Amino acid sequence: MKKISLLIVFAFTLSAGQTQPWATLLEELPAQNRELQALHHEYLAALEKAPQVNRLPDPELGLGAFPLPVETRLGPQVARFSATQMFPWRGTLERRETLENARAQVRYESIAIRQLDLAYELQGAWLQLYEIRQRKGLLARNITLLAGLERLALARVESGKANAADVLRVQLSRREQEQQLALLEPAEVSPTAIINNLLYRPLDTPVVISDSLVPAVLVYDAAAVLAQIQSSHPLVRSLAQEQVVAQENIALNTLNGKPSFGVGVDYILVNQRDMVELPDNGKNILQVRATIKIPLNREPYRAKEREERLRITALQDRTAAVESNLATLLTQAYAELATAQLEVDFLAEQLVITRAAIHILTTAYSTGGQSLDELLRLEKESLAYEIRLLHATVATHLAKSKVERLIPKF
């Protein structure tokens, strides 16, 4: 009975046509949304950090002059040229590169998180616009039915079988629904603007919606979805990656606490001594140097390690809280879907019965054996059922989109 009822209800509440499903809009989202593009370019920029930190420090070149030349046995020193190259502890450069790549990965996960949120916003706006337009169609169709009922009442008045009050009652009901229809026109502006803004289009760009939605059905097993969320949701992955960054910071901090080394060379220009005959008179000096930098103050390195370990603990606590929140959202979404599905089934049955009663009362009124009041009441009740059914159908899709918002797609 329920399946038959649903088919009958949707036969006169929803019309099919050329479709522009919201899935098409979702496909456009990554390429069109400027926020996602900005996040992507920030990620690419972060990747360029690694090549900057895995190189040796620039060599130091020096030039010195002696305004008061230093006299040596072979002559006065007049100028000094020097070059020095420092070398960090072995593995430091590679660790710096790994750290920057880990930080870039956190930015990548932020893209996935935001894309899920924006996709949910797009679906919500699309469903809101769909409901408004379908509701307009229901009202327009019911106004047409009332116009027919008004003609029937006029015919009965002309034949003396009814009084003018019947016509006025129908006109009042029709005018009320025409007002509701007029109020829905500006209601389209907000969801249309949201959709166009997300796709970076002019806000007044028309959004073509002619899909016919049937109640959504979830094919996902709740336990499997929850397990997937806890292991691979981008927000959980992001927090895990931040822990990796903290671990890399600890490893780099350990290497930074090691000595660093340097090698250098000095070349000193020496002028010849006058009026002296000496072997190697004025011979220039070449000096090779080696240096070592020893970080004797250990407290900054110990404090840095404590900082990162506390950060890891905080991230673990935050991950547990996020997993709990996501599980709660999943449970709520499944409950909302179940509630909406029950509402759809109930309203579908009520509509079939109400429509049958309206048909009987219309026939009875046309033959003069029935009051108009009951017929108008059932017409109004039927419209209310149709609007509630539309809302419940949209609610099933909204609940499904809430579940899909939690499912990582990449």
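Please treat every number below as a calculation from the coordinates, not as lab data. All values reported here derive from a predicted model rather than from experimental measurement. Here the Cβ positions follow ideal geometry from the backbone for every residue, glycine too, while neighbour counts run over all protein chains shown.
In deg cm²/dmol, rounded to 500, what helix-only [θ] at 222 nm does the chain give when every DSSP H run of at least 4 residues adds -39500 (n - 2.57) and the total is split over its residues?
-24000 deg cm²/dmol
Can you give the FRET efficiency for residue 133 and residue 224, using 1/(1 + (r/R0)^6), R0 = 41 Å, r = Cβ-Cβ distance, to the nearest 0.05?
Here the calculated transfer efficiency is 0.70.
Report, in debye and to the nearest 20, how large the dipole of the chain comes out about its Cα centre when Lys and Arg carry +1 and Asp and Glu carry -1 on their Cβ.
520 debye
Rounded to the nearest 0.05, what FRET efficiency do residue 204 and residue 309 have when you use their Cβ-Cβ distance and R0 = 51 Å?
0.40
Dividing the alpha-carbon Rg of the stretch 135-273 by 2.2 N^0.38 Å yields what?
Compared with the compact-globule rule of thumb, the stretch 135-273 sits at 2.62.
Using alpha carbons only, how many angstrom separate the centre of the stretch 121-168 from the centre of the stretch 269-306?
Computed from Cα coordinates, the inter-centre distance equals 97 Å.
Output the Kirkwood hydrodynamic radius of the stretch 108-166, Cα pairs only, in Å rounded to one decimal.
It works out to 15.3 Å.
With a 10 Å cut-off between alpha carbons and a GNM built on the chain, which of 197, 271, 33 moves the most?
Evaluated over the chain, the most mobile residue of the options is 271.
Using a simple spin-label model with points 7 Å from Cα along the Cα→Cβ vector, what separation in nm is obtained for residue 40 and residue 357?
If labels sit at residue 40 and residue 357, their model points lie 5.6 nm apart.
Run a plain Debye calculation on the chain (Cα atoms as equal point scatterers, no solvent) and give log10 I(q)/I(0) at q = 0.06 Å⁻¹, rounded to two decimals, same order as the q list.
Debye curve over Cα of the chain, log10 I(q)/I(0) at q = 0.06 Å⁻¹: -0.51.
Anyone know which of 266, 274, 345 comes out most mobile in the 10 Å Cα GNM of the chain?
Largest GNM mean-square fluctuation: 274.
How big is the stretch 239-291 on each of its three principal axes, counting only the C-alpha atoms and giving the largest first in Å?
Dimensions of the stretch 239-291 along the principal axes of its Cα atoms: 78, 14, 9 Å.
Which order do the peptides 81-89, 234-242 come out in when sorted by mean C-beta neighbours inside 10 angstrom, highest first?
Per-residue Cβ counts within 10 Å, averaged per peptide and sorted highest first, yield 234-242, 81-89.
Compute the signed sum of charges (Lys and Arg +1, Asp and Glu -1) over the other residues within less than 14 Å, Cβ to Cβ, of residue 188.
0
All other residues with a Cβ under 12 Å from the Cβ of residue 178 taken together, and with Lys, Arg as +1 and Asp, Glu as -1, what is their net charge?
That sum, taken over residues with Cβ under 12 Å, equals +1.
Using a Gaussian network model of the chain whose springs link C-alpha atoms within less than 10 Å, name the residue from 69, 30, 206 with the highest mean-square fluctuation.
69
Once label points are set 7 Å from the Cα along Cα→Cβ at both residue 377 and residue 28, what is their separation, rounded to one decimal in nm?
According to this spin-label approximation, the distance is 4.9 nm.
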